[in-house]
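What follows is a set of notes on a single structure, which appears directly below.
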Amino acid sequence: MSANQAAIRVDGLRKSYKTVRAVDGLSFQVEAGEIFGMVGPNGSGKTTTIECIEGLRKPDEGQISVLGLDPIKNIYKLRERTGIQLQAANLPRRMRVGEALDLFASFYRQPRDWHPLMEGLGLADKRRAYFSQLSGGQQQRLFVALALINQPEVVFLDELTTGLDPRARHKIWDLVREIREQGTTIFLTTHYMDEAERLCDRVGIIDQGRMIALDTPAQLVNRLGMATRITFRVNGRARLGRNNGGERYSEAGFEAAQVGVLEGVQRVAREGDQVTIFGQGTQLIGAVVNSLETEGVQFHNLRTEQTNLEDVFLALTGREVES
C-alpha cells in the first residue's frame, strides 16, 4: 500500500436481507494511521457495513478495498494483514491465556512474539490463568492481544468497552492510542459517544443504511451550531399569583414557545419533566432564566454544559444512543 493510499475504501455499498435494505449506497474511506469511529442507532446498518468490510458478508452492490485488496476475493491475504476483535468473542473457560495466544499465533505465517505484547497489555502475570479467572477488562485486553498477534496493518475493534467499568474503559482507551502510535489503522465501532469523541480522529454517523455525517468530532459539534446545553426540571405548573392568601397555578406549565423565541435559542426538547435548551451566545443562560421567572415557571436542578457528540447524534438521528 502506498503512503497516500487510504487503508479502507467503500464505494456505493448496498446490502439487503429479503425486503430490508440494511445498507443503502454507503461511501467513505478510512485514512492510513487514523482512528476511525462508526456510530449509529440499532438497525442503522452499522454491523452489516463492518462485516462486509471484514469480508464476513458479501455485498449486493458496491466496491470495498482494504489495504488495496478485495475483502471477499483476497480474504486469506487480508487475514494475515488485519486483526479483528469481535463484540461477541469468547474462549473456553478452561483455556489458559498462554494457550490461547499460542493457538492464535499458529494461524499466521509471521506472528509477533506475544510475550512483550502481554507485558504491554498488563497481562504478563496471567499467562497460566484460565480465561474464566480474568476480569472483564482483562478479557477485553486478551481479545485485543489476539487481534494484534499477527502484527496487523488495520485492526477492527467492535464495541470494545461494552460492559466495562469506567477505570477499565480508560485503560482500554490508553491501549487504543498506543496501538495507533505504532502505525496501525483502527476501525472502531461504539455506542459510547464520549468514547468516539475522545478516541477518534474522525467519526461517521450512519442511519438507515446511509452516512449522514462524517467529520472530526470537533467539527461535527461545531456544525451543529449549538454551543451550550441548558437542562432543568419543571413541576408542570406555572405560578399566576396569590388568591385569598394562597398561590394560584396554571396547569399549562412550561411551554417551549416561551423560550423558543429568545435570541440564541436554537432548539428546545422536553422529555417528561426534563427540559433541554440548545443554543449559543453569552446572554443565553440569563435570558432563559429571566423568561422562566417572568412566566412563573417553577424549575429546579438547572445546569449548563457544552454540547457534545451525543447531542449531534440525537439531532441527526432523532434517537437516543442505545446502551
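Assorted remarks:
- Check on PRO59, assigned to a loop (DSSP other than H, G, I, E, B), modelled with pLDDT of 95 or more and over 23 Å from ARG109 (Cβ atoms): yes
- The set of residues in region 281-295 being modelled with pLDDT of 85 or more and surrounded by 15 or more Cβ atoms within 10 Å (Cβ to Cβ) consists of LEU284, ILE285, ALA287, VAL288, VAL289, SER291, LEU292.
A quick yes/no check of all residues on (1) of a type outside the set (S, T, N, Q); (2) at positive phi:
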position: SER132; (1), (2): no, no
position: PHE143; (1), (2): yes, no
position: VAL155; (1), (2): yes, no
position: GLY163; (1), (2): yes, yes
position: THR184; (1), (2): no, no
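- Residue in region 28-44 that is within 21 Å of the chain's Cα centre (by Cα), of a type in the set (A, V, I, L, M, F, W, C) and farther than 25 Å from ARG141 by Cα present: yes
- Scanning region 161-173 for residues that are touching an Asp or Glu at 6+ places or on another chain (Cβ under 8 Å) and of a type outside the set (S, T, N, Q) yields ARG169, TRP173.
- Test: residue in region 77-85 that is part of a loop (DSSP other than H, G, I, E, B), of a type in the set (Lys, Arg), surrounded by fewer than 16 Cβ atoms within 10 Å (Cβ to Cβ) and out of contact with any Cys (no Cβ under 7 Å at 6 or more places or on another chain): no
- Test: residue in region 47-59 that is within 19 Å of THR184 (Cβ to Cβ) and among the hydroxyl-bearing types (Ser, Thr, Tyr): no
This table checks each residue for (1) in a loop (DSSP other than H, G, I, E, B); (2) more than 10 Å from ARG210 (Cα to Cα).
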{"residue": "ALA22", "(1), (2)": "no, no"}
{"residue": "PHE28", "(1), (2)": "no, yes"}
{"residue": "GLY33", "(1), (2)": "yes, yes"}
{"residue": "ILE50", "(1), (2)": "no, yes"}
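- Pick from region 52-63, criterion within 23 Å of the chain's Cα centre (by Cα) and surrounded by fewer than 21 Cβ atoms within 10 Å (Cβ to Cβ), ranking: nearest to GLU159 (Cα to Cα): LEU56
- The residue list ASP158, ASP113 contains one member that is among the acidic types (Asp, Glu), under 15 Å from ALA89 (Cβ atoms) and assigned by TED's automatic domain parsing to the domain that holds ALA89, which is ASP158.
- Within region 150-165, tally of residues that are over 13 Å from the mean Cα position of the chain (by Cα) and at pLDDT 85 or above: 7
The values are calculated or read from the model by the stated rules, or taken from the named source; none is laboratory data. As the structure is a prediction and not an experimental result, all values here were calculated from the model. With ideal geometry, Cβ positions are generated from the backbone for all residues, glycine too; neighbour counts draw on all protein chains shown.
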